[in-house]
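The values are calculated or read from the model by the stated rules, or taken from the named source; none is laboratory data. Fair warning: this is a prediction, and the values are worked out from it, not measured in the lab. Here the Cβ positions follow ideal geometry from the backbone for every residue, glycine too, while neighbour counts run over all protein chains shown.
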Amino acid sequence: MRTQTCAFTLLTNAPGAILWNCLVTALLLCAVPLARSNDDQPQPLKFDQPLQVAYTEFPPFSYTDTDGITQGYAVGIFRLLMDDLKLPYEFKSRPTARIYHQLKIGELDIWLGPRGVPTLAPHVWEVPIPDAYSVNLYLWRKVGTPEAVEVSDLQHQNLVVINGFTYSGLINQLSAPENNIQLFRTSSHSNALKMLVSGRGDYLLDYGRPIEILLNEHPEVTLLKTLKQQRKLAFVVSQKAPHARELYEKMLASGEHIYPTLTP
């Protein structure tokens, strides 16, 4: 018995056995962080219900087509982000005032809208859309009509505007009685353009892309324009959305690798 014990002691103290014991110990120690690293991998967001995503009827930025399908260039970008994150969502067409209220109380999770709305600032985070997709507001006029640079240049003039648009608050200044501007309100971009071309309005206040699309359909019409505002856009995330902070951060990260692939 003593001889066997001595043989075992000699074997385990041999240089080869010591090296083997060290190797086994090192492998065991390495296995622990490897197992933990799998647990530390970012987990995908999971929602019990689809995200509620609001938009306004503002072609070509966002709109409902004749088949009832949500379309628009901002809608397309949003779909790319959601597909990348593998998140479910539902689009809801809403008037702007209702969107503001529902974002604040958490009935809506995301809005496809402008950046920097003061009343929303404490209640949302913004995922910027590339500046190349900004919305430009122009004062349109026919050839031969003087350029109106200041509001005072519009005094005693007939100005066509789209009913329901606030133009980021500019409508309040234009409609003030002391400015003596005659406003003609209409329900659509196409009607507004017709009013300007027919002479019912001296100027038209409207956004660039909708009028440019209409002008492409009517190459016989030539208009001049003066830039009045540029609105940068964002995916506006309600702070009361489920997993709101993580959702916002993941959308930011998704945009960083998707946006460079886009062509405005």
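For the reader, a short list of remarks on this structure follows.
- As for region 53-62, it holds no residue that is modelled with pLDDT of 95 or more, under 42 Å from the mean Cα position of the chain (by Cα) and exposed (fewer than 10 other Cβ atoms within 10 Å of the Cβ).
- Residue match in region 42-52 (condition: part of a strand (DSSP E or B), among the aliphatic types (A, V, I, L, M), touching a Pro at 6+ places or on another chain (Cβ under 9 Å) and modelled with pLDDT of 95 or more): yes
- Of the residues screened, residue 29 is one that is in a helix (DSSP H, G or I) and either modelled with pLDDT under 95 or among the aliphatic types (A, V, I, L, M) (or both).
- Residue in region 127-136 that is buried (at least 16 other Cβ atoms within 10 Å of the Cβ) and more than 16 Å from the chain's Cα centre (by Cα) present: no
- Filter result for residue 238 (touching a helix residue (DSSP H, G or I) at 6+ places or on another chain (Cβ under 9 Å), in the same structural domain as residue 98 (by TED's automatic domain parsing) and among the small types (Gly, Ala, Ser)): yes
- Test: residue in region 132-143 that is more than 29 Å from residue 100 (Cβ to Cβ) and among the basic types (Lys, Arg): yes
- Candidates 160, 149, filtered to the one that is among the β-branched types (Val, Ile, Thr) and surrounded by fewer than 19 Cβ atoms within 10 Å (Cβ to Cβ): 149
- Qualifying residue in region 169-187 (condition: within 30 Å of residue 237 (Cβ to Cβ), out of contact with any Gly (no Cβ under 8 Å at 6 or more places or on another chain), touching a residue at least 24 places away in the same chain (Cβ under 8 Å) and surrounded by 13 or more Cβ atoms within 10 Å (Cβ to Cβ)): yes
- Residues in region 95-122 that are touching a residue at least 12 places away in the same chain (Cβ under 8 Å), of a type in the set (Lys, Arg) and either more than 22 Å from residue 79 (Cα to Cα) or touching a Ser or Thr at 6+ places or on another chain (Cβ under 8 Å) (or both): 104 only.
- Within region 153-166, tally of residues that are more than 17 Å from residue 56 (Cα to Cα), in a loop (DSSP other than H, G, I, E, B) and among the β-branched types (Val, Ile, Thr): 0
- Single residue of region 187-209 satisfying the filter (in contact with a strand residue (DSSP E or B) (Cβ under 7 Å, 6 or more places away or on another chain) and hydroxyl-bearing (Ser, Thr, Tyr)) that is nearest to residue 227 (Cα to Cα): 207
- Residue match in region 157-164 (condition: touching a Lys or Arg at 6+ places or on another chain (Cβ under 9 Å), outside the structural domain of residue 75 (by TED's automatic domain parsing) and without any contact (Cβ under 8 Å) to a residue 40 or more places away in the chain): yes
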